[in-house]
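No value in this document is a laboratory result; all are computed from the given coordinates. The model shown is predicted, which means the values in this text are computed figures rather than measured ones. For neighbour counting, all protein chains shown are included, and Cβ atoms are generated from backbone atoms with ideal geometry for every residue, glycine included.
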Amino acid sequence: MSYEVFKLKNCWLFDLDNTLYPPDSKIFDKIDLRMKKFISEKLKISREKAFEVQKNYYHKYGTTLFGLMKNYNIDPEDFLDFVHDIDMKSLKKDSSLKKDIKNLPGKKFIYTNGDEKYAKKILRCLGLSNVFDDIFDIKKANFIPKPKVESLKSLLKKYDLKPESIVYFEDLEKNLLTAYKIGITTVHIKNSNQNWNKKPFINYRFKTINGALDMIKKFLS
């Protein structure tokens, strides 16, 4: 697909975790540990069993939270507050990233399976506060997570967006597949060299969000 396609876009959709910052920041590793602790304490099971529950629900439902709500009637606010109570000192402000995102023509949104309060903390640490038009979080999606198409369609409806106008930056392939199927242009942010096999639902692939935006701005200028 030609890079000229970016000139036709006026909406830029960004995943949050491991997309706007690199995985080696270890933010999600810390969240994983908090999830395991929450499940162990709430369900009164061992940490090992809690890990099994966590991963099983993630793969089955899209998020661990969705599985806990469905099977144990867990209060989502309790879960989100607990698992997002982490140290974010590994995140650094990125002025060039801020400039590149602000210079994109049209609307810019965060699309996350986390909640807005957590997303705002991350954005503040990255120096990206007040860069995006809105944050479409798990609450606005009525707790229906990515990669379910219902989640993405509710985003489109809320902001009155057309799929063909959108570029979506995301680190997880399964989330990009859903977007591609409804006509969204997909950009995979993959920090590893492993499994760089060409896949039809991935229109573009870059190691970092900075690299993706560097390339895009060349074609927009």
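What FRET efficiency comes out for residue 33 versus residue 221 if R0 is 41 angstrom and r is the Cβ-Cβ distance? Round to the nearest 0.05. Please report the intermediate quantities before stating the final value.
Working: r = 43 Å, r/R0 = 1.05.
After rounding, the FRET efficiency stands at 0.40.
Taking the Cα centre of the chain as the origin, how large is its charge dipole in debye, to the nearest 20, when only Lys and Arg (+1) and Asp and Glu (-1) carry charge on their Cβ atoms? Display every interim value, and only then the final one.
Working: 43 positive and 29 negative charges, 72 e Å.
It comes to approximately 340 debye.
Project the alpha carbons of the chain onto their principal axes and report the range along each, largest first, in whole Å.
57, 35, 34
Using the Cα centre of segment 8-91 as origin and beta-carbon charges of +1 (Lys, Arg) and -1 (Asp, Glu), tell me which of 20, 72, 56 is placed farthest towards the positive end of the dipole.
The one lying farthest along the dipole's positive direction is 56.
Scaled to the compact-protein estimate 2.2 N^0.38 Å, what is the alpha-carbon radius of gyration of segment 70-144, rounded to two decimal places?
In units of the 2.2 N^0.38 Å rule of thumb, it is 1.26.
Relative contact order for the chain: what is it in percent, counting Cα pairs under 8 Å that are at least 6 residues apart? Intermediate values should be presented prior to the final figure.
Details: 324 pairs, mean separation 55.7, N = 221.
Relative contact order of the chain: 25 percent.
Report the per residue volume, in Å³, of the convex hull enclosing the C-alpha atoms of segment 27-83. The partial results should precede the final answer.
On the way: hull volume 4.0 nm³, N = 57.
About 70 Å³ per residue, rounded to a whole number.
When the Kirkwood radius is taken over all Cα pairs of segment 105-193, what Stokes-Einstein diffusion coefficient follows at 10 °C and 1.306 mPa s, in µm²/s? The partial results should precede the final answer.
Details: Rh = 13.6 Å.
Taking Rh from Cα pairs, D becomes 117 µm²/s.
Helix-derived [θ] at 222 nm for the chain: sum -39500 (n - 2.57) over DSSP H runs of at least 4, divide by residue count, nearest 500?
Working: 9 runs with 100 residues, N = 221.
One gets -13500 deg cm²/dmol as the mean residue ellipticity at 222 nm.
Which whole-Hz couplings ³J(HN,Hα) result when phi for each residue of segment 156-164 is put into the Karplus expression 6.51 cos²θ - 1.76 cosθ + 1.60, θ = phi - 60°, listed in order with x for Gly and Pro?
After applying 6.51 cos²θ - 1.76 cosθ + 1.60, I find 4, 5, 4, 9, 6, 9, 9, x, 5 Hz.
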